[in-house]
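The values are calculated or read from the model by the stated rules, or taken from the named source; none is laboratory data. Everything numeric here is computed off the predicted structure, so don't read it as measured data. Reconstructed Cβ throughout: ideal geometry from the backbone, glycine too, with neighbour counts over all protein chains shown. Only protein heavy atoms, including side chains, enter the accessible area calculation; ligands, DNA and RNA are left aside. Shrake-Rupley method; radii C 1.70, N 1.55, O 1.52, S 1.80 Å.
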Amino acid sequence: MNLANKLTIFRIILVPLMVIVPFLGLNNEYLGIPLQYLIIDFIFIVASITDKLDGYIARSRNQVTTFGKFLDPLADKILVLSALVILVEYGKIPSWIPIIVLAREFIVSGYRLIAVEKGGKVVAASVWGKLKTVTQMIGIIFAFLDKFNFGEFIFRVSTQAEAQINSASIYMTTGQYVINIITTIILTLSVIATIFSGINYLKDGKDLFKD
């Protein structure tokens, strides 16, 4: 087994470590962010780096294998969906985000099965597909660093007193406000890119569905 495939397997091994962290009872905070969020985020960042690294190594050393072609995209999906589910469990993002991502992956996987069966070529990753991957990774990283939940910047008030008067309002510092906006925008972009990349697959492969 070459180095690129070992890195891919290592990325999959990191997923159970992320899942275990919430059960460790780490209630301390660092810079106002729960320690368990930071640990999960660190593991996710390391896993994301191996995603770029294994592909580079495989191509630069001419070590592209069938096993790697199968496992690498699978490892990416497991990593991203696991992180999104953890964020839903924490209540930091709405459930419709991973639902759309999962639906897209089922559609694309079904398309690929039909393409193999009919001997058709697999559609290469489009700009939307690349944008989906980048925004998902960045959005997840910011979501774990964000003290607040998806879209809560909408209810921001300038003082804690205002927040106490109106329980629906939320007091955020300027830094927290900016991070929440960035997180919300990037995750929203990732959903849009996910939808359009799925449509792109179906559009470019529509001939496969003709009997």
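Residue farthest toward the positive end of the dipole of the chain, with Cβ of Lys/Arg at +1 and Asp/Glu at -1: which of ILE141, THR65, GLY198?
Among ILE141, THR65, GLY198, the one farthest towards the positive end of the dipole of the chain is THR65.
Strictly over 20 Å apart at the Cα level, which of LYS6/LYS77; LYS69/LYS203; LYS132/LYS203 would you flag in this model?
On the way: LYS6/LYS77 17 Å; LYS69/LYS203 23 Å; LYS132/LYS203 17 Å.
Violating the 20 Å Cα-Cα cut-off are LYS69/LYS203.
Can you tell me the 0 to 90 degree angle between the C-alpha axis of helix 174-204 and the longest principal axis of the chain, rounded to 10?
20
Compute the angle between helix 35-60 and the longest alpha-carbon principal axis of the chain, please, reported from 0 to 90 degrees and rounded to the nearest 10.
20
Sum up the charges of everything whose Cβ sits under 12 Å from the Cβ of GLN136, counting Lys and Arg as +1 and Asp and Glu as -1, but leave GLN136 out.
Details: positive: LYS77, ARG104, LYS130, LYS132; negative: ASP51, ASP76, GLU105.
That works out to +1.
Need one word for region 1-114: rounded, prolate or oblate. Basis is the Cα gyration tensor (sqrt eigenvalues a ≥ b ≥ c); a/c below 1.5 gives rounded, then a/b vs b/c decides.
Oblate, since a/c reaches 1.5 and b/c is not below a/b.
Which residue, THR8, PHE155, THR183, has the largest displacement toward the positive end of the dipole of the chain when charges sit on each Cβ (Lys, Arg +1; Asp, Glu -1)?
THR8
What order do ILE43, ILE140 take when sorted by accessible area (1.4 Å probe), most exposed first? Spell out each step's value before the answer.
Numbers: ILE43 25, ILE140 0 Å².
Reading off the accessible areas and sorting them downward yields ILE43, ILE140.
Could you tell me what a quarter of the Cα convex hull surface of the chain works out to, in nm² with one decimal place?
Details: hull surface 55.9 nm².
It is 14.0 nm².
Quick one: which residues, 5+ away or cross-chain, put their amide H under 5 Å from the amide H of GLU29? H built at 1.01 Å from N.
So GLU29 has HN proximity to LEU35.
Amide H to amide H, which residues 5 or more places from ARG156 or on other chains are under 5 Å from it, using H placed in the peptide plane?
Residues meeting the amide H criterion: ILE170.
What size of dipole, in debye to the nearest 20, comes out for region 7-148 about its Cα centre when the only charges are +1 on Lys and Arg C-beta atoms and -1 on Asp and Glu C-beta atoms?
Working: 14 positive and 10 negative charges, 124 e Å.
Computed charge dipole of region 7-148: roughly 600 debye.
Between VAL157 and VAL64, what FRET efficiency comes out of the Förster formula 1/(1 + (r/R0)^6) with R0 = 41 Å and r the beta carbon distance, rounded to 0.05?
Details: r = 54 Å, r/R0 = 1.31.
Computed FRET efficiency for VAL64 and VAL157: 0.15.
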